[in-house]
Amino acid sequence: MTNSALKKFMKSKFIVALAAVSLTAKVFAGAPVETPRQHDARMEWWREAKFGMFIHWGVYSVAAGEWDGKTNYAEWIMESAQIPASRYEQFAKEFDPVKFDAKTFVKTAKDAGMKYVVITSKHHDGFGMWPSALTDWCIKSTPFQRDPLRELSDECRKAGIKFCLYYSIMDWHSSDWGTRRAWNDVATGTPDMDRYTDYMKGQLKELVTRYHPGVLWFDGEWESPWTHERGVDLYNYLRTLDPKLIINNRVGKARAGMEGMDMGKERVGDYGTPEQQIPVGGFGPGVDWETCMTLNNHWGYNKHDDHWKSPETIIHNLCDIASKGGNYLLNVGPTSEGLIPQPSVDRLAEVGAWMKVNGEAIYDSGPTPFGAEAGTFSATEKDKSGKPKFIPAWDWRATTKPGKIYLEIFKWPRDGKFEIAGLQSKVTKAWLLANGKKLKVEQTAAGVSIVLPAEAPDKIASVICLKIKDQTAKVAVQK
Ligand code: FHN
């Protein structure tokens, strides 16, 4: 960054709040100054929501994962198959999702118990899923002369679901994105990142002022043309557009790969973004993070991919993530006709049935009081990175609310008892969330033993609710 630009940057109208680089920092480098209380107020709906729908939808869905005899593509098809941009633009001419119905998308999310939706406004192919005034490489250039983001944001608002937008910083189609692809045969001139950043700000202003997203979910930040400084500047710019806006940490450069957390580096953004993984021990209270995951093995639509996660896996992931203080953003990849694949809809409906009964244990919940996920490190087995493999010891998780502990039991004990060592808070009542059935509790200094019925109320995860005397559970540290 040149000296004059650096001086301009430092004189920017916001005090560059030097943030602690620790994970618990609430005020990040470059944020408009806000007190911790103001920050908590801004994050409140997101922290309470816990469960959202990710939607990866674009012209790549026309290919349905297939190209040149191969069938393992999706939203990366232009890059992975090195399709010339001029040929890729043909997909836009074929994109006409006449079966798209925003009400159906929102109903699918709501029936699953999801409280927010994050849809791709622009993925790495640069194609805008809204009628942008700044480019023809958007929905205007398709037979589908509608505005899916307008339709979806309106339906979300009617249904009380937060509408949020994904936006890729990297843009394989743009002439100005710094790392130009050889197969971008529609690009002209030399890449200019200042011009590209202005274009991005213009598009983002369209998105924020038209659709009022609750979150801007950035991605595609990892290539060298994007810098921490540009991330700070963009974060600042957006927070001036909408002070309520929440922005993930991929607006900056420090997400530490798929772990998604800013591990002690420069950081910007309001929460961490682990991808396709659940952090083993979580990060303790006070750290905002969200795991995003596919339902099968692709983000965008692939008609050959039938590797669907089971409702059991999804519900256990949800409990595991919530017990560590995180949110779960689960993806659907609609077809080029505008339909969410039926296997996705079916699984989400089963998850929704569980959430209908047990959602109280998840929504607005805090992390387990029993410390990081109990488990042991194998003396023999190694994980992918060659470190001793972590073997979770528990078949249950816990979440909390003031004066309550929720126990999500995956494997119902055969001996009719559930014991927790170390719980020191006085348990005044215990019951099954599913049917209110009161449970007998024996409590000693060593911990608590709960007498259970022979049959679990739910085959996937049954929730026991404990009312405790303390607002925050007191637990003896297990040796
Ligand atoms: O490259 C993208 C990918 O296509 C997808 O959008 C995921 C979802 O978080 N993010 C990037 C990979 O980390």
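Some points to look at:
- Projecting label points 7 angstrom from Cα along Cα→Cβ for Met258 and Lys99 puts them 3.1 nm apart.
- Using a cut-off of 28 Å between Cα atoms, the listed pairs Lys324/Lys382; Lys303/Lys324; Lys411/Lys474; Lys103/Lys459; Lys110/Lys474; Lys122/Lys401 include Lys303/Lys324; Lys103/Lys459; Lys110/Lys474; Lys122/Lys401 as exceeding that distance.
- Placing dummy labels 7 Å off each Cα toward the beta-carbon, the span from Glu34 to Gln82 is 4.5 nm.
- Size of the chain as Cα extents on the principal axes (Å, biggest first): 75, 51, 50
- FRET efficiency estimate (nearest 0.05) - Cβ-Cβ, His307 to Val451, R0 35 angstrom: 0.30
- Put simply, when 84-90, 246-252, 364-370, 436-442 are sorted by average Cβ atoms within 10 angstrom per residue, most first, you get 246-252, 364-370, 84-90, 436-442.
- Pairwise centroid distance, computed over Cα atoms, of region 419-447 with region 264-314, Å: 32
- Each Lys or Arg adds one and each Asp or Glu subtracts one; over the other residues with Cβ under 12 Å from the Cβ of Lys110, this totals +4.
- Protection proxy ranking, peptides 52-64, 68-80, average beta carbon neighbours within 10 Å, highest first: 52-64, 68-80
- Sum of -39500 (n - 2.57) over DSSP H runs of 4+, divided by residues of the chain (222 nm, nearest 500): -8000 deg cm²/dmol
- Within straight-line cross-link reach of Lys417, aspartates and glutamates at Cα separation under 13 Å, skipping those fewer than 8 residues along the same chain: Glu442, Glu455
Any read-out appearing in this document is the output of simple, stated calculations on the displayed coordinates, not a laboratory observation. This one's a predicted model, so the numbers in the text were calculated from it and none came from an experiment. Here the Cβ is made from the backbone with ideal geometry for all residues, glycine too, and neighbour counts use every protein chain on show.
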